[in-house]
Every structure is written in structure tokens, then in C-alpha cells.
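K.L.:
Let me begin by handing over the structure; questions about it come next.
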Amino acid sequence: MTNNQKQTLEEVQTFEGKYPKQIWSLFFSEMWERFCFYGMRGMLVFFMISQLNFQEKEANLQYGATQAFVYAFTFIGGLFADKILGFRKSLFWGGLLMIVGSVFLSIDPHAFFFFGLSFIIVGTGFFKPNISTMVGELYKEGDNRRDAGFSLFYAGINLGAFLGGYVCVAIGKGYLLSSVIDEAHRWNVAFGLAAIGMLVSLINFWFTKRHLGPIGLQPGHPDAIVKTKALPKWVEYLVYIGTLGLIPVIQLMVSKTEFTDYFMYTIGPLTLIYLFFEMTKVEKAERHKLIAALVFILFSIIFWGIYEQSGGSLSIFAAKNLNDSILGGLVHLDPNGVNNSGGALFIIALAPLFGILWIWMARRRFEPNTIIKFGLGFIFLGLGYYVLFGTRFFAIDGIASLDIFSLALIVITVGELCLSPIGLSIMTKLSPARLQGIMMGMWFLASAYGQYVAGLIGANMADAREGSTLVEQLLVYTDSYKELGHYSIIAGVILIAISPLVKKLMHGVN
């Protein structure tokens, strides 16, 4: 038996202290993968407008389409991991595809823009849900330290998002290293850094495997957690070949946003039908838990539709309607860089505190249940958008304060910390072992719909702003943010009101 399988699952899950030691390695693998992903994400809208000459409305729709496909493919990646590849091989395959895509973009981001993005989209689908599922496997069922672990893991996500989100776009725009990188190659270097980050992530995970025991092994492996019959090797190879064959299809669908509409109208109903089919095979209590998971999933679509203005409309708002002075003028920063990475920085600072807070409250038996945490997430998100509305009262000639904008990001971050890391955790708690990857994929598929909705909202804002003055643009944007704040608060109140019913469906899971 090889070294990385000597530990049993019981030994992995039996640990002292707040966190299992393996979570730190997974933390760093996810951090560098997020450096790659958020580096790409942070550059999308600005690059499309400034380098590809897209109109603002078109750029918002394109952003929503790209992000929707990224998260939609997490469902497919989770499905293949559960049934064929296992979490480890799925993660490696996804990472390799992300590296290839980033390399193409670094060679010529103008010529290979959609081709490179297609590799990154499919690669993220194989990587993202499966590393999150492995974090959940580090804990025994009912271990109340799980939420704290996911909060710490979420800090790793956002450390990568902070570094990639600021550094890559700042290099592309010439705010960083402009003295050593000539203007003609700034975007090449920016996309190339994303490839390097992903390579570091895979190298780190290679050394992590030996400490995971049976977690993430391929279905059919004699030491795998879920015992199934081994599939023929050609099935695994067919997944790899089929994935590569999908790349030109994804390229076409991403480059033509009307195809995104058809895809989103189809993939959601199909996945629900498949889930209902799987639910017929489980016991009543497990079925109730899956229904509760669906409640979280459906409400998360609303959350991400509002939250994910950061990559679309807020990116344009930051470029045109914000000054570059923060802390009362003591520091000058690129507003786009703050928009792309500010929320991640605040999560890095606050996530460990939230993890400790949940443990402290659990020990004293007054930790709010997960559905109430979700409701609080919506309420803080709404309050953050009210602060964004308030930027109009600190504006001069249509240019608003970066300080007030940053305050809004802090409030929104509190809402995100109440929802997103807890969402990852609850999917692993409510899902039967054989459906873990699928349910994690559905969680990210909900994010896909949220991204899609976010693109539509941003496009409507851009359409209303076309040809208007900076003051008029500011008023249109901030009015829209106020409306989004209303919707978020209403959703939060509804969630808290139905929490007793959902808690009953969860059968003791908190």
C-alpha cells in the first residue's frame, strides 16, 4: 500500500485543536488556484472594453456569460468526480486545463481571448467543487468545527483572490512594474502570472495527497470511502478526450452570448430532473436534507446575482465614478484594483474571526442555525448596497469617494462571510456521501445562475447610462444599487421567517 493511503479516514478525521493539519495544504492549493481565476476575472471587463473595443453593455453580458459557464461546469466536474475520476484526478485535470488556457492568453490575449477562456472555464469546473468537497471530508459527521474550517478555507480563497485580483489587473493597466514591462506586453505578463499561480497550486497538492488517507480516491479504488465497482480505464480516458473536444464548443458558446441564454434555460431544469431522480434512491431523511439543500441553493442564486456586480457594473462604476484617494487622501490606489480585491482583503482579515465566533457560540449553545446565517448574509449584503447608494452624497461632479465605496465593501463582506463559506459547509453536511460532488456542483451551478443574472442587471445599468454625463451615470447606478439593497433585505427576512421549517427538514444538521 502506498504512503498516501496508510492513514485511515478515522485517523484523518481524529485531530485536536480547531483545524486538521491537512486543511492548511488545501488552503494553499486553493489560494493559488484562486489567484489564477480571480486574476483572469478581474481583467475581463476592463480588458474587453479597453483592448477589444466592446461596448459597456456588451462587456457586462459577456462577463455574465463567461462567469456563468465557469460555475455551470462545476456541476459537470462534480458529477465526473463522483462517478469516474475521483476528487484528486479531477482536480489535477482541471488545474492542467487552467494552466493551458492561461498560457494561451499570455501568448496573445487578443487573438486567443475566447479560446484561452474556454480552457479556464472547463478547468475550473473540474477543480473548484472537488477541493471544497475534500475539505468537508476532513471532518466527521456532526463535528461542529466544520464551519470554522470552511471559514479558514474561505480565507485562503480570498488571499488568492486579493493577490490575483489586484496584481494582474494592475500590471495589465500599467500601475505595477510599468518601468520593467513595456506597454505592448503588459497584458501578456498579467495572464502569464495566472498560469504560474495555477502551476504552484498543483505542485502543492501533489505533496498534500500523502496526508489525505482515502479522501478523494477514484471510485473503484480498494481504499476509496464509497465502495463501488471499478470502471474500465477507457472510461476515464474518454472523459479526458471528451473534455478537449468540448473546448471549441465552449469557445463558440461563450463568444456568442445568445447561446448562454439557451444553455442557462436548459442546464438548470436538467440538473433538477437528475437530482430528483437521485432523490428517489435515498431514504426519507436523506431526501428531506436534499430538499433543504435546494432551499439554500435557490436563495443563493439571488445572493450572487446581487453580489456579483463587483465584476461587472461595479468595475465600470469604479473606473468612471470613483476617485483614487483612500484614508482621506493619505493613499492613492487604482479604484478598479480596490473593487477587484478589496472585498477579498476584508475577508482575509475577518474570516478567522468569524470562524472563532462560530466555535465560541457553538460551545455556549447559541450559535444561529445555518438558515439564519444565510438570512443575515442577505441583510448585510443589502446594507452594503445602501452604502453604495450613499456614495452619491459624497460625490463631486459625479466622482464619488473611494473611502465610502470601501466601507460598502466591508459591509458586503460581512454578508458574504455569513453565507458563502457556510454554504460550502452545509452542502457537505446535507449530502449523502455518494452525492457530495454533485451537490457541491449544484451549489456552484446556483452561482452560475447568479453570475448570469448579475450580467443582465449590469447590462441594463450600462444601457441606461449610454451617452449620459458623469453625474447622471452616478445617479442611475446608485439608484439601481438601492433597489438591489431592497431585494436583498426582503430575501433575508423571508429566510429567517422560514428557518423553523427548513431546520426541521435538516434533521438535526446545523
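K.L.:
Counting only heavy atoms of the protein chains, get the accessible area per residue of the stretch 73-146 (1.4 Å probe) and round it to a whole Å² value.
P.N.:
26 Å²
K.L.:
State in Å² the accessible area per residue of the stretch 390-434; use a 1.4 Å probe, count heavy atoms of protein chains only, and round to the nearest integer.
P.N.:
Accessible area per residue, the stretch 390-434: 29 Å².
K.L.:
If we count every other residue with Cβ under 15 angstrom of Ala351's Cβ, Lys/Arg +1 and Asp/Glu -1, where does the sum land?
P.N.:
Values: positive: Lys18, Arg34, Arg145, Arg146, Lys373; negative: Glu30, Asp147, Glu416.
Computed value for this residue: +2.
K.L.:
Would you mind working out the magnitude of the charge dipole of the stretch 380-484 relative to its Cα centre, with +1 at each Lys and Arg C-beta and -1 at each Asp and Glu C-beta, to the nearest 20 Debye?
P.N.:
The dipole of the stretch 380-484 has a size of about 560 debye.
K.L.:
Run lengths n ≥ 4 of DSSP H only: what is the helix-derived mean residue ellipticity at 222 nm for the chain, with -39500 (n - 2.57) per run over all residues, to the nearest 500?
P.N.:
Theoretical 222 nm ellipticity from helices: -26000 deg cm²/dmol.
K.L.:
Name the long-range amide H neighbours of Ala400: under 5 Å, sequence gap of 5 or more, or other chain; modelled H, no Pro or chain starts.
P.N.:
Leu322, Asn323
K.L.:
Using a probe of 1.4 angstrom, how much of the accessible area of the stretch 226-285 is carbon and sulfur, in percent?
P.N.:
It is 73 percent, rounded to a whole number.
K.L.:
May I pose another question? Summing +1 for each Lys or Arg and -1 for each Asp or Glu, what net charge is found among the other residues whose Cβ lies under 12 Å from the Cβ of Met98? Don't jump to the answer; show the numbers that get you there.
P.N.:
On the way: positive: Arg34, Lys128; negative: Glu33.
Neighbourhood net charge equals +1.
K.L.:
Let me ask you something else. Taking Rg and Dmax of the Cα atoms in Å as the quantity of interest, determine which of (1) 25.0, 102; (2) 22.7, 83; (3) 21.9, 70 was computed from the displayed structure.
P.N.:
(3)
K.L.:
Same structure again: When Lys and Arg each count +1 and Asp and Glu each count -1, what net charge do the other residues less than 15 Å away from Ile326, Cβ to Cβ, add up to?
P.N.:
Numbers: positive: none; negative: Asp324, Asp334, Asp403.
Residues close to Ile326 contribute a combined charge of -3.
K.L.:
Rolling a 1.4 angstrom probe over the protein heavy atoms, how many square angstrom per residue are accessible across the stretch 184-237?
P.N.:
Details: 2760 Å² over 54 residues.
Value returned for the stretch 184-237: 51 Å² of accessible area per residue.
K.L.:
How much of the accessible area of the stretch 1-137, in percent, comes from carbon and sulfur atoms when a 1.4 Å probe is used?
P.N.:
After summing per-atom areas, the C and S share lands at 63 percent.
K.L.:
Hey, what did the stretch 370-488 get for relative contact order, percent, Cα under 8 Å, at least 6 apart?
P.N.:
With pairs under 8 Å counted, the relative contact order is 40 percent.
K.L.:
Among the listed pairs Lys140/Lys229; Lys256/Lys482; Lys281/Lys373; Lys140/Lys209; Lys57/Lys482, which are separated by more than 23 Å between their Cα atoms?
P.N.:
The pairs that break the limit, which is 23 Å between Cα atoms, are Lys140/Lys229; Lys256/Lys482; Lys281/Lys373.
K.L.:
Leaving out ligands, DNA and RNA, and with a 1.4 Å probe, what % of the accessible surface on the stretch 391-460 is carbon or sulfur? The partial results should precede the final answer.
P.N.:
Details: 1180 of 1700 Å².
C and S fraction of accessible area: 69 percent.
K.L.:
Which of the helices in the chain meet the span-like rule: DSSP H, Cα axial reach of 15 Å or more, Kyte-Doolittle mean at least 1.0?
P.N.:
Helices passing the filter in the chain: 86-107, 113-137, 186-208, 233-255, 284-307, 335-363, 370-390, 402-430.
K.L.:
Run down the aspartates and glutamates and flag those whose C-alpha is under 18 Å from the C-alpha of Lys429, throwing out any fewer than 8 positions away in its chain.
P.N.:
The qualifying aspartates and glutamates are Glu10, Asp82, Glu137, Glu141, Asp143, Asp147, Glu278, Glu283, Glu286, Glu367.
K.L.:
Would you give the gap between the C-alpha center of the stretch 77-95 and the C-alpha center of the stretch 481-510, rounded to a whole Å?
P.N.:
Centre-to-centre (Cα) distance: 32 Å.
The values are calculated or read from the model by the stated rules, or taken from the named source; none is laboratory data. The structure presented is a predicted model; accordingly, all values stated were derived computationally and were not measured. Positions of Cβ are generated from backbone atoms using ideal geometry, with glycine treated the same way; all protein chains shown enter the neighbour counts. Accessible surface is based on the protein model in full, side chains and every heavy atom, while ligands, DNA and RNA are left aside. Shrake-Rupley method; radii C 1.70, N 1.55, O 1.52, S 1.80 Å.
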